[in-house]
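The values are calculated or read from the model by the stated rules, or taken from the named source; none is laboratory data. Quantities reported herein were computed from a predicted structural model and do not represent experimental measurements. Here the Cβ positions follow ideal geometry from the backbone for every residue, glycine too, while neighbour counts run over all protein chains shown.
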Amino acid sequence: SKEPNWGEGTRAAARRLHVLVVGAGMSGLLTALRLEQAGVSYEVVEKNADVGGTWLENSYPGCRVDSSNHIYSYSFEPNHFWPQHYSTQPVLLDYFRGVADRYDLKKKIRFDTVAEEMVWDETRGLWNIRVRTPTGSEQVEANAVVTAVGQLNRPRYPEIKGRERFAGPTFHSAEWRHDVDLSGKRVAVIGTGASAYQFVPEIAGKVASLTVFQRTPPWGFPVAHYHEDVPEGMNWLMEHVPFYDKWYRFWMFWMVTDGLLPMVTADPNWAGPPIAVSELNLGFRQMIASAIAVQAPGRPDLVEKVIPTYPIGGKRALLDNGVWMAALQRDNVELVTDPIAEITEVGIETADGKSREFDVIIYATGFHASRFLWPMKIKGRGGADLHETWAGDAKAYLGMTIPHFPNLFMIYGPNTNIVVNGSIIFFSECSVRYIIGCLKLLAETGMIAMEPRQDVFEAFNTRIDEGNRLMAWGAPQVTSWYKNETGRVSQNWPFALVDYWRATLAPDPNDFVLSRSAELVS
Ligand code: N01
């Protein structure tokens, strides 16, 4: 995305606008930067004491990005010297802090401040937002609100009987207790998603024993250079060959990420086994399954447990350079696949009647992903409550706007997540460019409010649902956090990256209802 290129007339008209941005993570910083460049008045509220969002909060051992950094970075802030292809969390946090400092973004960020409730004022045509500050509560007024709160930032603890009874320390992977020394301890880990996949190999050698409770195995794609340094020669090319970095980024998006989509696209006429969704998907499965099996020679019992029975692409696939399987084969590590029955004062009991005792339990059980914008309370036109309107099934137009909720713009909203293709930063850049375009539209038309037309919103979501039904993650035999409580895929974008880029180049005024006041004017 580029700096907003607004003429003086637009800039002058936009000066009447004030925008509240919620969140100072990757998307919030980007929004702040573009608003700054456009000359629009804004403030950012951030619940944490620093910028960085997910890269500030997740500090578990081994935490790193699993999209290559050459695409997981802002297009306008390339780093020709990423130390590794997939950087660790401290490197990422430094990168985002560096962007905040370089563009002097912190001056308008209010830290330790939480947006709790926002109510649309029909008559004045603005949002009244109640924010909780370190010293109390206050009201903020804004013509528009941009939420940049992520999809994966409210840790989810499992509903397992007796969870509160365990006497030892317990914590969630996203709230890592660095004060709990794991060395020499008997540790249980519940969950085998992306987070566990990264920290289990890191802690396995330090603890006395490690028991990993797996409900469903993840697919791990073999990526030999996952933890490796970027070769010096590549950095040299990035630095010295004109446009090499841009070409590399484009190539990654095109070949390495969007290029995987056909492998996880369902054949509507597929009559094969439900472990795959197409012939290509079945072949892909066989290839990855063999890559897993060769890592545990002589352990068919383990191989059987770790090879998923759902189609590849059904859930988030993880990157694997061998450390996961190596950890599971250590003498002090056990992989338990019997369902957990109960947590007791001293340990965990499984459905097969076995009890195991632990000193520490770590929950790697993911996030409340489908509860978009939760726990904020949001009331739009006529006092409509957003969470009641959604009723557990969050939808938006292009992931960003919702009928009856004027001037509320979401980044990383419903159906803007990706499973195999790309980088969320790409989506955020597209969304922010579009949102800035919406503010431009308001400024240039002199209108006060905009919201998507109901028919446009519905047609878009019908297209999204049809797309997701054709993907491995939409297959009926797959359950995952990509599906909400209604069973609909509310997280994922089912198309190519370029499709989102094209759809969000600029808002089409015909898609919106624009209004001057409480009266709607089409
Ligand atoms: O969480 P998850 P995560 N009893 O929801 C299991 C991003 N991310 O924090 O599959 C037993 O994937 C659950 O089992 P099942 C990335 O988008 C990125 O690991 O539901 N087990 C699953 O195994 C990722 O996808 C990065 O059957 C229970 C696990 O807990 C997303 O965040 C790194 C259970 C939860 O896995 C979330 O990843 C980390 C129960 N009651 C995260 N409830 C990188 O970029 C849940 N589980 C590298």
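Looking at segment 52-68, which of the residues that are near the ligand (Cβ under 9 Å from one of its atoms) and not in a loop (DSSP other than H, G, I, E, B) is surrounded by the fewest Cβ atoms within 10 Å (Cβ to Cβ)? Among those that are near the ligand (Cβ under 9 Å from one of its atoms) and not in a loop (DSSP other than H, G, I, E, B), it is Arg64. Taken over segment 77-136, the residue count meeting the criterion of being closer than 30 Å to Gly446 by Cβ, without any contact (Cβ under 8 Å) to a residue 24 or more places away in the chain and under 25 Å from the mean Cα position of the chain (by Cα) is 0.
Residues in segment 73-80: is at least one polar (S, T, N, Q), more than 13 Å from the ligand (Cβ to nearest atom) and surrounded by 17 or more Cβ atoms within 10 Å (Cβ to Cβ)? Yes; the residues of segment 73-80 include at least one that is polar (S, T, N, Q), more than 13 Å from the ligand (Cβ to nearest atom) and surrounded by 17 or more Cβ atoms within 10 Å (Cβ to Cβ). Note on segment 380-399: residues that are touching a residue at least 40 places away in the same chain (Cβ under 8 Å) and either β-branched (Val, Ile, Thr) or surrounded by 19 or more Cβ atoms within 10 Å (Cβ to Cβ) (or both) total 7. Which members of segment 173-182 meet the condition of being within 11 Å of Val360 (Cα to Cα) and either in a strand (DSSP E or B) or in contact (Cβ under 8 Å) with a residue 12 or more places away in the chain (or both)? Answer for segment 173-182, where residues must be within 11 Å of Val360 (Cα to Cα) and either in a strand (DSSP E or B) or in contact (Cβ under 8 Å) with a residue 12 or more places away in the chain (or both): Val180, Leu182.
Taken together, the residues in segment 274-305 that are among the basic types (Lys, Arg) and more than 25 Å from Gly474 (Cα to Cα) amount to 1. Checking each residue in segment 351-370 for being in a strand (DSSP E or B) and either in contact with a helix residue (DSSP H, G or I) (Cβ under 7 Å, 6 or more places away or on another chain) or within 16 Å of the ligand (Cβ to nearest atom) (or both) picks out Arg356, Ile361, Ile362, Tyr363, Phe367.
Here's the yes/no breakdown for (1) part of a loop (DSSP other than H, G, I, E, B); (2) touching a strand residue (DSSP E or B) at 6+ places or on another chain (Cβ under 9 Å):
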site: Glu349; (1), (2): no, yes
site: Phe372; (1), (2): yes, yes
site: Pro375; (1), (2): yes, yes
site: Gly392; (1), (2): yes, no
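Among (1) crowded, with 17+ Cβ neighbours inside 10 Å; (2) away from the ligand (no atom under 16 Å from the Cβ); (3) modelled with pLDDT under 95, there is one condition Gln295 misses while meeting the rest; what is its number? Going through (1) crowded, with 17+ Cβ neighbours inside 10 Å; (2) away from the ligand (no atom under 16 Å from the Cβ); (3) modelled with pLDDT under 95 one by one, Gln295 breaks only (3).
All of (1) assigned to a strand (DSSP E or B); (2) within 16 Å of the ligand (Cβ to nearest atom) hold for Trp120 with one exception: (2). In segment 170-205, the qualifying residues are those that are basic (Lys, Arg) and surrounded by 15 or more Cβ atoms within 10 Å (Cβ to Cβ), and the one that is nearest to the ligand (Cβ to nearest atom) is Arg186.
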